Amino acid sequence: MSTPLPRDEKLKVIRHSASHVMAEAVLRLFPEAKFAIGPSIENGFYYDFELPRPLVADDLGKIEAIMKEILKGKHDFVRKELSREEAKKLFADQPYKLELIEDLPEGETISTYEQDGYLDLCRGPHVVNTAAIHPDAIKLMSIAGAYWRGDEKRQMLTRIYGTAWDSPQALKDYLKLQEELEKRDHRKLGRELDLFHLDDENPGEVFWHPRGWSIYLRIQNYVRQKIKAGGYVEVNTPFVMPKSLWERSGHWAKYQENMFITESEKRQFALKPMNCPGHVEIFKQGIKSYRDLPLRIAEFGSCTRNEASGALHGIMRVRGFVQDDAHIFCTEEQIGSEVVRFCALLKDIYRDFGFGDDRISVKLSTRPEKRIGDDATWDRAEAGLAEACKAGGFEYEISPGEGAFYGPKLEFTLVDALGRGWQCGTMQIDYQLPSAERLNATYVGEDGEKHHPVMLHRAILGSLERFIGILIEQFSGAFPVWLAPEQIAVIPIAPNFHEYASKVADRLDAAGFLAVADLSDGRMNAKIREAQSRKVPYMLVVGQKEQDEDAVSVRLRDGRQMNGMKFADFASYVKEKVDSKSLEL
């Protein structure tokens, strides 16, 4: 008896098989269609076609209906191996399949799968019979354009995306999750809450609006206070640095394709994709002693990376971003204690954003194939980082070959309210960059001789842009009061209470809160609804009674009310929520 596949593997097979069923359905609708590829992907599948006309949304319903009919027919998937010449004859009228056949290495097995008369070039595997796919567990999701083999000089094909699951209930659960994801999409909420915008003519760069920038600065200043208390010194390094520095650091050889390069006075420069070489240059100024170590240098460094436009995604994946970056220069003996110290700081910060220890997972990424340094140094670095990670209170999984080219790293992933993982924090050990072969950073040891420090690269939030995108989706735009771009809306019940509403807002503003009095025309209830649409945590309704008693009637964003609250008591109430970084209103 064969061993059942793990669910993830089973779903891959179901989805790949569903892509073939979809191709058969498309062929019934468009007999002259040309087929490209149809793989399974995360949560679904797609197939690329050259079609006689563009598809419209109604076509998806027609194709899906044909797929359900095919699945009910209980057709076997039949595999057959054949020679290259036989394959060419079978697919003589399918140019994309012919190209794939031509590109197969000599000696590689060529196979086809056939179900219900539909034949496709494919390695497999597939389900045994279409009965293994429930007709109510599939759905076609969208239509897109895709260049053949990702080459913009080649034919633009029509790509149909679908999803398939192992039961109708699993499909329902997935579609429900997609609805929730759409509601929480940071790009959508960013527009609705007037936080930022993106411009197609300037891809990967964020235009922060006042409300969004308020959140940005609040987070930056919060981290600034934490790292200052943690013994870091903050610096700022140039945005543009010469090719010679990037050559010595190793980035020019290993990372050049991701760098924006410019020229001045016949010299080449690069916009910095990372901050580490600049921090080494600061360390090298003046003579350093072992007594100066560990030296923790931090920077909110503006970086630019030449990401492919197709890989960009809202503010989650951008070209221009700021890192909460820092580099710790230390002795080898200090590595363990510094990693443990970093883990404690990281836990403290994540907790304030609502990510407790149970929502943090860690991977230890080991040496990649493309790297600098000898194996003995890599052995020492990987072992030291693993030991320190456990001492810092984290278990970890190994991620083979995913380390940076200069050293291994710990990757800290946050699990959000919808169960998605977001890799944010990193800690990397680097013996290479400060070495004599690279940037030659030295300190004078107890023995009076020069030594090279170990350099620890670390970030907690990672990209601030990306982290804010994560928070927008985590909180669905309803930020906790300490982060909210507008904490309090003061709403008079009638125009003759505008003056008192203004005074309340001014007093709150003077106390350090973000408060606005809504003195616009319109009814009180309409103003409340407007404030709720902006996801304001507290709405203060004021009228005669409140004016006479120096009080406010409080409506919370979650629907609760606290009527007739003294102004001083409300101010104290909100201060406690802000100071404690409470996630509750």
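Laboratory data are not the source of any read-out in this text; all were calculated from the coordinates shown. Model, not experiment: these values are computed from the prediction. Here Cβ is always computed from backbone atoms with ideal geometry, including for glycine, and neighbour counts include all displayed protein chains.
A crude spin-label estimate for the pair Glu333 and Gln544, with each label 7 Å from Cα along the Cβ direction, gives 7.9 nm.
Each of His313 and Ile143 was given a label point 7 Å from its Cα along the Cα-to-Cβ line. The distance between the two points is 2.5 nm. Rounded to the nearest Hz, the phi-derived 3J(HN,Hα) couplings of the range 578-584 under the Karplus curve 6.51 cos²θ - 1.76 cosθ + 1.60 (θ = phi - 60°) are 5, 5, 7, 6, 5, 8, 9, where x marks glycine and proline.
What does the charge count around Lys503 come to, taking other residues whose C-beta lies under 12 Å from its C-beta (Lys +1, Arg +1, Asp -1, Glu -1)?
Here the charged neighbours net out to -4.
Using 0.36 nm per residue and subtracting the Cα-Cα separation, the extra length available between Val240 and Glu265 on full extension is 7.6 nm. Between Gln169 and Asn440, the C-beta separation translates, for a Förster distance of 60 Å, into a calculated FRET efficiency of about 0.45.
Using only the C-alpha atoms, the convex hull of the range 7-184 corresponds to 129 Å³ per residue. The structure-derived value of Cα extents along the principal axes in Å appears in the list (i) 117, 75, 46; (ii) 86, 76, 58; (iii) 84, 78, 53 under the label (ii). Segment Lys188..Asp447, full-extension length gain: 87.2 nm, with 0.36 nm per residue of separation and the alpha-carbon distance subtracted. Of all DSSP bridge pairs formed entirely within the chain, close to 85 percent run antiparallel.
For the range 19-34 and the range 422-454, write down the distance between their C-alpha centroids in whole Å. First find each Cα centre; the distance between them is then 59 Å. Straight-line cross-link reach from Lys172 at under 24 Å between alpha-carbon atoms covers these lysines, not counting any fewer than eight positions away in the same chain: Lys10, Lys12, Lys62, Lys68, Lys72, Lys74, Lys139, Lys183, Lys188. Of all DSSP-defined beta bridges confined to the range 117-198, some 100% are antiparallel rather than parallel.
Annotation: peptides 89-95, 546-552, ranked by per-residue average of other Cβ atoms within 10 Å with the highest first, follow the order 546-552, 89-95. Straightening the chain between Tyr290 and Asp199 buys 27.9 nm, computed as 0.36 nm per residue apart minus the Cα-Cα spacing. Among rounded, prolate and oblate, which fits the range 211-474 when a ≥ b ≥ c are the square roots of the eigenvalues of its C-alpha gyration tensor, a/c under 1.5 means rounded, and a/b larger than b/c means prolate? Rounded shape, in that the Cα axes give a/c under 1.5. Simple spin-label estimate for Asn525 and Thr413 gives 4.9 nm between the two label positions (7 Å along the Cα-to-Cβ direction from each Cα). Here the translational diffusion coefficient of the range 413-527 follows from Stokes-Einstein with Rh set to the Kirkwood radius across Cα pairs; for 10 °C and 1.306 mPa s it amounts to 82 µm²/s. Rounded to 0.05, the FRET efficiency of the Ile41 and Asp509 pair, given R0 = 60 Å and the Cβ-Cβ distance, is 0.75. Annotation: amide H-H contacts under 5 Å for Ala551 (H modelled 1.01 Å from N, sequence separation of 5 or more, or interchain): Phe567. In order along the range 90-104, the phi-based Karplus estimate (6.51 cos²θ - 1.76 cosθ + 1.60, θ = phi - 60°) of 3J(HN,Hα) comes to 4, 10, 4, 9, 10, x, 6, 5, 4, 5, 5, 4, 4, 7, 6 Hz; Gly and Pro are listed as x. Per-residue ellipticity at 222 nm, computed for the chain from helices alone with -39500 (n - 2.57) per DSSP H run of at least four residues, works out to -11000 deg cm²/dmol.
If we sort 525-531, 23-29 on the protection proxy, mean other Cβ atoms within 10 Å, highest first, what's the order? Don't jump to the answer; show the numbers that get you there.
Working: 525-531: 16.3, 23-29: 19.7.
Highest mean packing first, the order is 23-29, 525-531.
The distance from the alpha carbon centre of the range 188-246 to that of the range 114-133 is 50 Å, rounded to a whole number. For the peptides 461-473, 431-443, the ranking by packing is 461-473, 431-443, with the highest mean count of neighbouring Cβ atoms within 10 Å listed first. The H on the amide N of Ile110, modeled in the peptide plane, is under 5 Å from the matching H of Leu82, each at least 5 residues off or on a different chain.
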